Each structure stands twice: as C-alpha cells, then as structure tokens.
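Encoded as structure tokens, the structure appears first; notes follow it.
The values are calculated or read from the model by the stated rules, or taken from the named source; none is laboratory data. Small disclaimer: the values here were computed from a predicted structure and weren't measured. Note that each Cβ is placed from the backbone with ideal geometry, even for glycine, and that neighbours are counted across all protein chains shown.
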Amino acid sequence: MRFVSTRGGVPPASLREALFRGLAPDGGLYLPERLERFPEGFLAGLRGAPWEQTASAVARHLVGPDIGDALEQIVADALDFPLPLVAVSDGAYVLELFHGPTLAFKDVGARFMARLMGHLHDPAEGTLTVLVATSGDTGSAVAHAFLGMPGVRTVVLFPEGRVSPVQEQQLTMLGGNVRAVAVDGAFDDCQRLAKEAFADRDLRERDLLTSANSINVGRLLPQIFYYVHAWAQLAPEGLVADRPAVFSVPSGNFGNLTAGLLAKAMGLPAARFLAATNANDVVPRYLETGRFEPRSSRSTLSSAMDVGDPSNFRRILYLYGDDRERIRADVAASAHTDVATRRAIADVARRHGYLMDPHTAVGWLALEEAADAHHHAPGVVLATAHPAKFPDVVEEATGRPVAVPDRLARALEGEPRVTRISPRLEALREILG
Ligand SMILES: *Cc1c(COP(=O)(O)O)cnc(C)c1O
C-alpha cells in the first residue's frame with residue numbers, strides 16, 4: 001500500500017516511509033493512496049469471528065504484501081486483548097476498546113504501530129527516538145507499547161497538571177527507555193513543540209526522530225480493524241443485514257473517526273458516524289457553518305478530547321474532497337457539556353448498571369441525541385477508556401466506588417520520574433540531545 005500526503009505536494013510513500021516520517025515532508029498527513037474495497041464475501045466470512053481473526057484478516061487486506069509473513073505475529077502480539085461488544089440497553093451497544101495494558105483504546109493503535117516499527121527498524125542505523133505529545137492517554141499507550149523494545153527510546157510530552165492523576169502516574173512510572181516530560185503549558189503547546197522538533201533539521205539529522213501521535217498511519221490502520229469487528233459481532237444476531245449500525249465516536253483529534261470512515265470507504269456497512277465532542281467543538285461548528293476555525297483547547301472532564309485544533313480532521317476533509325455536504329451525509333456531529341456528561345454517567349449506571357468513563361459518556365450522549373433520527377439502527381458507542389481511569393468523576397456521578405483492575409493497580413506502584421520544561425524548543429532540544 002502506498003500513502004499520499006493530504007497536501008499533495010510530495011510523491012506517494014511506502015508504508016515504511018510513512019511510518020517513520022509520521023508527517024509527510026510537505027507538512028501533510030499520510031493517507032492510503034487507494035482504498036481497496038473488501039473483496040466479495042470477505043465481511044460475510046467474518047460474521048461472529050473472534051477478534052484475532054478479524055484483526056488479522058483486515059490487516060492482511062490492508063498491508064499484507066508490505067509486511068509478508070511477519071504480519072500474523074505482529075497482529076497477534078500487538079492486539080492480544082479482548083474487545084467485547086456489550087449490550088447496554090435495547091439496541092444500544094458499547095464496544096469496549098479499553099482492555100489493553102493502559103486501559104484506553106489508544107493501546108490498539110500504539111501497540112500495532114510499535115510492533116510495525118520494531119519490525120521495520122534496522123538497529124544498525126542507530127537508536128530510534130519516538131517523540132510523542134499527549135493530552136493524556138496517547139503517551140502512556142505509546143510509552144507502554146515501546147517499553148523495553150531494543151534500539152528505541154521514547155520521549156513523552158504532556159501538559160503539566162492537565163492530565164488526570166492516574167494518567168500522570170501511568171506516564172511517569174515506566175522508567176526504562178521511557179522519558180516523561182511535563183511541559184508548562186497546554187496540550188496544544190506539547191503538539192507544537194513536537195512539530196517544531198520534527199521540522200528542525202539539526203534534531204532530525206542527529207536523532208532518528210519519529211512521531212507516534214495519532215497522525216501516524218501506523219496507529220490509524222489498526223483502528224479500522226475494530227469497526228469491522230463490531231460489525232462481525234452484530235451480524236450473527238441478524239442486526240446488521242438490512243440495518244447497518246450507527247457508530248458514535250468520542251472525538252478529540254479525530255483519528256478514531258477517520259479510521260471508521262476509512263472502513264466505510266472500504267465497504268463496511270455503517271448507517272452513520274456520530275462525531276461526539278466535549279466543549280472543544282471546532283468540528284461540530286464546521287459541519288454547521290462551513291468554517292473550520294481551530295482555537296486553543298478548553299479543559300473538560302473528558303480531558304483526552306480537549307483538542308482545539310484536531311489534526312486528523314484534515315484527513316477527513318481530504319477524503320471527502322473538502323465537500324462539507326458529503327461529510328454531512330456520513331457524519332453528524334454534536335458537542336456535550338460536562339454537566340450532561342456527569343448526568344449520562346449517573347443515568348446509565350442507575351438504569352442499566354453499566355459504568356462509563358467521561359469520554360465514553362460523551363459518545364453515549366451523542367447516540368441518545370441521534371436516537372430519533374436512527375431509531376431502527378443498532379447504535380454502537382466506542383468506549384475509549386476504562387471508568388477506573390477517571391475514578392473521581394465516575395464516583396462523584398454515581399455515588400459508588402470504581403473497582404480498579406489489577407493491571408492498573410500494578411502500574412501505579414513505584415516512584416514517578418518526570419522532567420519539567422518550559423514550552424520552548426530549546427528546552428526540548430536539551431532533552432533530546
Ligand atoms: C484520545 C482519546 C479520545 C479521542 O480520540 P481521537 O482519535 O483523538 O479523536 C477519546 N477518548 C479517550 C479516552 C482518548 O484517550
């Protein structure tokens with residue numbers, strides 16, 4: 001598979017090039033040059049199939065020829081946790097993407113990307129530096145995915161005091177080949193710093209610098225797998241034969257939604273995608289007004305979605321030829337307040353006995369709001385984080401304590417190690433150098 005830049009200013013790249021460059025040389029984001037539709041019978045053959053089988057089949061369809069025989073093992077190692085589809089209420093399902101090591105859906109993308117890089121990086125070329133800016137979950141997922149991988153070091157930039165305490169612990173306690181860096185600023189500052197570092201010739205030449213943000217195609221591709229998996233789980237119930245599902249996607253940087261739209265372009269039946277945001281509503285506003293106006297992010301309860309300039313949205317614009325009406329045919333967007341988020345957590349816990357984290361709750365709200373328009377279609381909310389990652393919010397909303405899974409408890413033992421810097425490239429240069 002070859003990859004083109006959304007800015008169209010450079011020739012198509014191979015998977016390897018796209019993976020290690022992160023950003024295309026013209027500053028654009030990579031997208032598959034062509035989306036091969038799933039062959040006849042491909043989806044039908046996956047009805048009711050276990051996750052590993054679906055992930056493996058879709059991976060082969062996408063990048064089989066690029067990777068060859070190693071692909072099977074890469075998928076098996078990277079995606080070795082379940083992604084259950086849970087029926088929460090009549091016609092409303094939650095696809096739990098949070099059973100990986102850091103309890104967030106970003107494990108899917110990060111672990112697949114890390115293993116792909118591990119497979120394609122030649123250690124003789126030197127140590128690979130993976131630089132990642134995070135608003136919370138990306139950093140720990142990526143750091144975890146590369147932890148202990150020979151020939152690789154990871155530098156994680158996060159906004160000081162703006163990630164949840166659990167997220168901060170997950171980031172700062174890994175040690176080993178992972179360096180946690182607290183930036184005196186917001187997520188947007190961290191993202192800008194990472195961009196500046198990649199644009200800096202000196203840094204690029206000295207370090208083999210690569211990005212692991214959601215702009216990396218290595219993270220985007222495996223997210224396609226679980227949309228197909230959701231379909232495969234619904235199919236045996238006869239639920240999707242003539243009523244494709246509505247997917248509600250809690251969105252921040254819009255990588256997750258982009259993957260869903262790619263799946264649809266490849267032939268996955270989907271009635272509609274709901275782009276659910278918190279108060280950071282640049283995309284809902286764009287779909288309403290036609291004006292895409294990035295701005296600084298606002299802090300909310302669903303902090304991993306506090307993104308004021310969602311970079312992946314440029315991929316969506318590219319996919320749809322900048323045609324807002326075409327996007328609106330596939331995507332309905334809505335923004336939800338913290339007050340509503342708390343209410344949804346409490347409501348769903350009381351009425352259905354199901355605990356949601358604040359990000360998933362935003363997705364639930366979008367599905368509720370769209371229920372009238374889609375009352376015959378099954379609804380699938382992508383559950384992006386485990387409720388135990390946000391115990392304060394969930395406990396306050398429901399009045400009940402949240403049980404902490406063992407692997408999270410284990411991850412929170414030990415001494416945190418963190419370096420603090422100002423949001424300037426010079427400060428970052430010292431760490432990288
Ligand atoms: C990153 C993240 C999101 C947003 O996903 P995008 O792909 O950036 O839109 C939602 N929920 C959680 C828990 C996340 O970590």
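A few comments on the model shown:
- Matching residues, segment 366-411, being more than 16 Å from the ligand (Cβ to nearest atom), in contact with a strand residue (DSSP E or B) (Cβ under 8 Å, 6 or more places away or on another chain), part of a helix (DSSP H, G or I) and not charged (D, E, K, R): A370
Quick grid of which residues meet (1) surrounded by 22 or more Cβ atoms within 10 Å (Cβ to Cβ); (2) modelled with pLDDT of 95 or more; (3) part of a helix (DSSP H, G or I); (4) within 16 Å of the ligand (Cβ to nearest atom):
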| position | (1), (2), (3), (4) |
| --- | --- |
| T210 | yes, no, no, no |
| L234 | yes, no, yes, no |
| L239 | no, no, no, no |
| V249 | yes, yes, no, yes |
| N256 | yes, yes, yes, yes |
| G260 | yes, yes, yes, yes |
| G267 | no, yes, no, no |
| N280 | yes, yes, no, yes |
| E288 | no, yes, yes, no |
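- Condition met for A333 (closer than 17 Å to N280 by Cβ, touching a Pro at 6+ places or on another chain (Cβ under 7 Å) and at pLDDT 95 or above): yes
- Test: residue in segment 194-206 that is in a helix (DSSP H, G or I) and within 14 Å of the ligand (Cβ to nearest atom): no
- Scanning segment 323-365 for residues that are in a strand (DSSP E or B) and hydroxyl-bearing (S, T, Y) turns up just one, S334.
- Segments classed as strands (runs of 3 or more DSSP E), wholly inside segment 60-178, with at least 1 members that are buried (at least 24 other Cβ atoms within 10 Å of the Cβ) and touching a residue at least 12 places away in the same chain (Cβ under 8 Å): 92-96, 128-133, 152-159
Matching residues to (1) outside any loop (DSSP other than H, G, I, E, B); (2) touching a Lys or Arg at 6+ places or on another chain (Cβ under 6 Å); (3) surrounded by fewer than 24 Cβ atoms within 10 Å (Cβ to Cβ); (4) modelled with pLDDT under 95:
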residue: R295; (1), (2), (3), (4): no, no, yes, yes
residue: A304; (1), (2), (3), (4): yes, no, no, yes
residue: S311; (1), (2), (3), (4): no, no, yes, yes
residue: R315; (1), (2), (3), (4): yes, no, no, no
residue: Y318; (1), (2), (3), (4): yes, no, yes, no
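- For F105: the one exception among (1) away from the ligand (no atom under 16 Å from the Cβ); (2) within 20 Å of the chain's Cα centre (by Cα): (1)
- Failed criterion for D322 (all others in (1) touching a Ser or Thr at 6+ places or on another chain (Cβ under 7 Å); (2) away from the ligand (no atom under 16 Å from the Cβ) hold): (1)
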